[in-house]
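Here's the structure, in structure tokens; my notes come after.
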Amino acid sequence: MFHKREITLEYLLDIADPELERNDVLDHCTLAERLAAYSIHEGYYSDPALRIPCYESLTRELGPHEPETLRSLEQLGSSYRVICQFDKATELLQRCFLAQEDHKWIGSP
């Protein structure tokens, strides 16, 4: 039997590799986010550190206000909420909300 945490963390380490091309980073983040969500949902692992490399990579590759980056920030904040680190969760979720509101404002006619 394998350890989901080890596999997930090993995979996430690849995301931070600066040699990865943009599409590879997006593919890695998509899969890593799904693995993190499944692991957390099933109660195997609830450390927000699973999601930090994805958020950082998406911010670097896409920018801080892109929908994929904001979704990753929201999931990171939710991970902190799950482990009752409410101050950190609130900070990240508010940042996400404000960035989404700013993005909608900029995009409106």
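A Cβ distance below 7 Å, combined with a sequence gap of six or more or placement on separate chains, defines the contacts here; from segment 62-84, residues that are under 19 Å from Asp24 (Cα atoms) reach residues that are assigned to a helix (DSSP H, G or I) and among the small types (Gly, Ala, Ser) in the pairs Pro64/Ala99; Leu70/Ala99. If you go through segment 45-66 and pick out every residue that is surrounded by fewer than 16 Cβ atoms within 10 Å (Cβ to Cβ), more than 20 Å from Ala89 (Cβ to Cβ) and not acidic (Asp, Glu), you end up with 3. Of Leu20, Leu31, Leu9, all but one fail to be outside any loop (DSSP other than H, G, I, E, B), more than 27 Å from Asp102 (Cα to Cα), modelled with pLDDT under 75 and among the aliphatic types (A, V, I, L, M); the exception is Leu9.
The values are calculated or read from the model by the stated rules, or taken from the named source; none is laboratory data. Here the structure is a predicted model, which means the values were calculated and not measured. We place every Cβ from the backbone using ideal geometry, glycine too, and count neighbours over all the protein chains shown.
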